[in-house]
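Chemist: Structure in structure tokens, see below.
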């Protein structure tokens, strides 16, 4: 793969925040020329597709400041430093939905924006949901509505763009595929 | 949705690059408290799932500096300012693969990382591919290998993590679903 690799000549740290770090890198291209790359470092995240015993999806509605709008998504959250993704997934599910899951199955992991960011999302399917009597509660700066909907209702929300993000679109398509393969 | 909305109190521009802009915003939360949001603005992008007349997928292998590794992905590229996504999709397909498409169908659009970035990807399926005699060629700083693979081969690359990004994973699952529904 040497004919594709870009070597770092110089790295400048532009910003170090609570969540992201931003770098500008001067790189040497495979043909010897140079270029600049703008890179966002992110701790990574988990997302959970929670399915109730009735086969409904548990979704969260929340405000996304980056988009200046409300979105409906599957529950998700950032990895804490050094934390196993499965541990994060169980915690986020409990905090955001008040459900604990008897079964938590890893479905897929993927980079969300490899052109400029290193965010890796680990996606799980949560089943055997049990409502917690004492829910852990949300972070201080989190405000969400909980929804329990059928797959058909979720797909309709994709069409109206209430659902509008890659991980949730992937999760809905996964359920459609699982259902199609069962027939 | 007022009980979810975060109001901007102060916005600070941290970085303005060739591709991204980075902001830190002080926000007022629904309960009146304040918090900070780190936000990456991105011009948006297109991605294309090109299917040859033999039913093979045309993929590109390229180095992703943000990940410091090579990935195999469906062709993709950033929107130019004011450009219609369909125009970008036709251009990127020709530049990256040397194919022109007789049919270009919008499949879905989604935000890739709504937690911190506003990147919106528009995904198209390209069919009726015709090899161009004079290909437009890549940008000066782009180096890619072209691959033509079956769906089974692509799914195997997902398992080995040569394919490892959300838009390509979505596109492969879309083909699996289309095939399952045909049976």
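The values are calculated or read from the model by the stated rules, or taken from the named source; none is laboratory data. Model, not experiment: these values are computed from the prediction. We place every Cβ from the backbone using ideal geometry, glycine too, and count neighbours over all the protein chains shown.
Chemist: Among the numbered criteria (1) more than 8 Å from chain A (Cβ to nearest Cβ); (2) modelled with pLDDT of 95 or more; (3) closer than 30 Å to residue A:139 by Cα; (4) not in a strand (DSSP E or B), which one does residue B:2 miss?
Modeler: Failed condition: (2).
Chemist: Just wondering, is there one or more residues in segment B:128-140 that are within 27 Å of residue B:65 (Cα to Cα), within 18 Å of the chain's Cα centre (by Cα), more than 8 Å from chain A (Cβ to nearest Cβ) and in a strand (DSSP E or B)?
Modeler: Scanning segment B:128-140 turns up no residue that is within 27 Å of residue B:65 (Cα to Cα), within 18 Å of the chain's Cα centre (by Cα), more than 8 Å from chain A (Cβ to nearest Cβ) and in a strand (DSSP E or B).
Chemist: If only one of B:121, B:163 is at pLDDT 95 or above and facing another protein chain (nearest Cβ under 8 Å), which one is it?
Modeler: Of B:121, B:163, the one residue that is at pLDDT 95 or above and facing another protein chain (nearest Cβ under 8 Å) is B:121.
Yes/no per residue for (1) buried (at least 16 other Cβ atoms within 10 Å of the Cβ); (2) closer than 30 Å to residue B:142 by Cα:
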| position | (1), (2) |
| --- | --- |
| B:25 | yes, no |
| B:33 | no, no |
| B:38 | yes, yes |
| B:49 | yes, yes |
| B:54 | no, yes |
| B:58 | yes, yes |
| B:62 | yes, yes |
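Chemist: Still on this structure: Which condition from (1) out of contact with any strand residue (DSSP E or B) (no Cβ under 7 Å at 6 or more places or on another chain); (2) loosely packed, with under 13 Cβ neighbours inside 10 Å is the one that residue B:103 breaks?
Modeler: (1)
Chemist: If residue B:110 satisfies every condition in (1) more than 13 Å from chain A (Cβ to nearest Cβ); (2) assigned to a strand (DSSP E or B) but one, which is the exception?
Modeler: (1)
Chemist: What about residue B:14, is it closer than 28 Å to residue B:81 by Cα, at the interface with chain A (Cβ under 7 Å from one of its Cβ atoms) and part of a strand (DSSP E or B)?
Modeler: It is true that residue B:14 is closer than 28 Å to residue B:81 by Cα, at the interface with chain A (Cβ under 7 Å from one of its Cβ atoms) and part of a strand (DSSP E or B).
Chemist: So is residue B:115 out of contact with any helix residue (DSSP H, G or I) (no Cβ under 9 Å at 6 or more places or on another chain), within 14 Å of chain A (Cβ to nearest Cβ), without any contact (Cβ under 8 Å) to a residue 40 or more places away in the chain and not in a strand (DSSP E or B) or not?
Modeler: Yes.
Chemist: Can you give me the number of residues within segment B:1-14 that are without any contact (Cβ under 8 Å) to a residue 24 or more places away in the chain and surrounded by 15 or more Cβ atoms within 10 Å (Cβ to Cβ)?
Modeler: 1
Chemist: If you check every pair at least six apart or on different chains, which have Cβ atoms under 8 Å apart with a residue in segment A:141-153 that is more than 14 Å from every other protein chain (Cβ to nearest Cβ) first and a residue that is in a loop (DSSP other than H, G, I, E, B) and surrounded by 14 or more Cβ atoms within 10 Å (Cβ to Cβ) second?
Modeler: Filtered contacts from segment A:141-153: A:148/A:52; A:148/A:56; A:149/A:56; A:150/A:56.
Chemist: Within segment B:33-84, which residues are modelled with pLDDT under 95 and on the phi > 0 side of the Ramachandran plot?
Modeler: B:82
Chemist: Quick check on residue B:89: is it within 27 Å of residue A:168 (Cβ to Cβ), part of a strand (DSSP E or B) and more than 13 Å from chain A (Cβ to nearest Cβ)?
Modeler: no
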